[in-house]
Amino acid sequence: MDLTPDFIKNTDNDRIVHTILLILVIFGLRLVITSLLRRNISDIKRHYHAKRLASYCIYLFAISGLGLIWFTKEGVDLSGLAQFASILGAGLAIAMHDTISNITGWAFIMLRKPFKVGERIEINGLTGDVIDIRILEFSLIEVGGHRLAGGEQSTGRILHVPNGMALRQHVANFDTGFSQIWDEIPILVTFESDWEKAKELLLDIVNRHVEKFSRTAESDIRKAAERYLIFAGKLTPIIYTTIEDSGVKLTLRYMVIPRQRRGIQQAIYEDILREFKKYPTLDFAYPTLRYYDARYESKPLSPGTPSNHKG
């Protein structure tokens with residue numbers, strides 16, 4: 001029994017020749033367009049988007065051309081074609097599950113736009129700036145990898161992530177909606193230090209460095225509220241005071257643009273070191289071991305309070 005679909009039997013040498021010619025035209029067209037874009041567009045971002053758009057148009061042209069060559073009505077048994085297509089489709093759905101998932105993910109990224117090229121995202125524990133989005137995967141230049149670099153600096157590694165990951169994992173976008181993030185710096189001073197003076201100095205230092213971000217944060221959050229349910233709380237820097245085992249912890253909390261986080265941290269730390277050096281009443285604390293003698297270091301008991309010390 002011959003199981004070969006009827007429409008395959010109807011293919012002839014003309015279709016093969018036309019297909020080869022179409023492939024040659026597509027390759028030639030791509031080379032010409034790439035050359036023209038390289039010569040006429042110097043801006044890297046514009047060149048990338050123009051190249052992506054040209055690629056999508058070429059793919060569409062190729063698919064349409066192949067359809068016209070192989071699936072025109074003349075000489076094709078439509079019932080056989082439908083039967084073959086259903087069997088082929090079922091097999092491909094099983095064998096190419098990941099590929100179909102990635103193409104669906106690409107459509108989701110293009111239409112829903114959870115992120116765009118140039119934005120910083122975090123997905124499945126990976127953080128980086130999006131540098132390319134293709135039909136099967138998108139690429140990140142890694143930021144803050146613990147094995148290569150700390151903070152928010154680029155590691156130089158390029159990560160290739162399947163598009164289907166955008167459907168299965170949560171995506172954190174550092175740029176869309178609200179362009180700033182909260183950052184914190186803990187400073188520990190000794191119990192003997194003038195912690196109130198330290199808090200005053202720290203607030204002055206942090207305001208000097210992030211005041212420009214606080215001014216734009218309110219307008220940014222108003223824009224974000226048009227799309228998301230976001231309420232504007234306290235957006236200016238604040239310092240929280242807590243007591244730790246080794247001293248008084250003063251935590252600086254402020255808003256900053258993600259890509260400037262490490263530079264701002266460095267500037268704040270350096271100013272803190274300079275300012276604390278001017279005041280002998282301010283000392284940084286660190287874990288220490290202290291022996292306590294209750295006979296000499298206890299506070300005096302108030303009259304009438306029984307003493308547990310046995311003479």
*Tell me which of these GLY150 doesn't satisfy, since it passes every other one: (1) loosely packed, with under 12 Cβ neighbours inside 10 Å; (2) under 30 Å from ARG261 (Cβ atoms); (3) at pLDDT 90 or above.*
(3)
*When you look at ARG15, is it closer than 20 Å to ILE133 by Cβ, in contact (Cβ under 8 Å) with a residue 24 or more places away in the chain, out of contact with any Pro (no Cβ under 7 Å at 6 or more places or on another chain) and surrounded by 12 or more Cβ atoms within 10 Å (Cβ to Cβ), yes or no?*
no
*Does any residue of segment 229-240 turn out to be touching a Lys or Arg at 6+ places or on another chain (Cβ under 7 Å), in contact (Cβ under 8 Å) with a residue 24 or more places away in the chain and under 20 Å from PHE174 (Cα atoms)?*
yes
*Tell me, which residue of segment 191-202 that is in contact (Cβ under 8 Å) with a residue 24 or more places away in the chain and surrounded by fewer than 18 Cβ atoms within 10 Å (Cβ to Cβ) is nearest to ALA267 (Cα to Cα)?*
LYS197
*asked:* Looking at segment 261-270 only, could you name the residues that are crowded, with 16+ Cβ neighbours inside 10 Å and either at pLDDT below 90 or under 21 Å from PHE178 (Cα atoms) (or both)?
replied: ARG261, ARG262, ILE264, GLN265
*Among the candidates GLY65, GLY80, single out the residue that is at pLDDT 70 or above and surrounded by 14 or more Cβ atoms within 10 Å (Cβ to Cβ).*
GLY65
*Of the residues in segment 19-48, how many are more than 28 Å from the chain's Cα centre (by Cα) and part of a loop (DSSP other than H, G, I, E, B)?*
0
*Residue ID - nearest to PHE191 (Cα to Cα), chosen from residues in segment 207-228 that are part of a loop (DSSP other than H, G, I, E, B) and in contact (Cβ under 8 Å) with a residue 24 or more places away in the chain*: TYR228
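Residues are listed down the side, and each one gets a yes or a no for (1) of a type outside the set (A, V, I, L, M, F, W, C); (2) more than 23 Å from the chain's Cα centre (by Cα); (3) modelled with pLDDT under 70:
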position: ILE58; (1), (2), (3): no, yes, no
position: PHE84; (1), (2), (3): no, yes, yes
position: ARG112; (1), (2), (3): yes, no, no
position: VAL117; (1), (2), (3): no, no, no
position: ILE121; (1), (2), (3): no, no, no
position: ARG134; (1), (2), (3): yes, no, no
*asked:* Condition check: out of contact with any helix residue (DSSP H, G or I) (no Cβ under 7 Å at 6 or more places or on another chain) and closer than 30 Å to ILE135 by Cα. Does ALA172 satisfy that?
replied: yes
*asked:* Just to be sure I understand, how many residues within segment 37-50 are surrounded by 11 or more Cβ atoms within 10 Å (Cβ to Cβ) and modelled with pLDDT under 80?
replied: 6
*asked:* Test of understanding: among ILE238, ILE185, ILE205, ILE243, which residue is surrounded by 14 or more Cβ atoms within 10 Å (Cβ to Cβ) and either over 23 Å from the mean Cα position of the chain (by Cα) or farther than 20 Å from TYR286 by Cα (or both)?
replied: ILE205
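The values are calculated or read from the model by the stated rules, or taken from the named source; none is laboratory data. On a predicted model such as this, the values are computed, not experimentally measured, just so you know. Every residue, glycine as well, gets a Cβ built from its backbone with ideal geometry; the counts of neighbours run over all protein chains shown.
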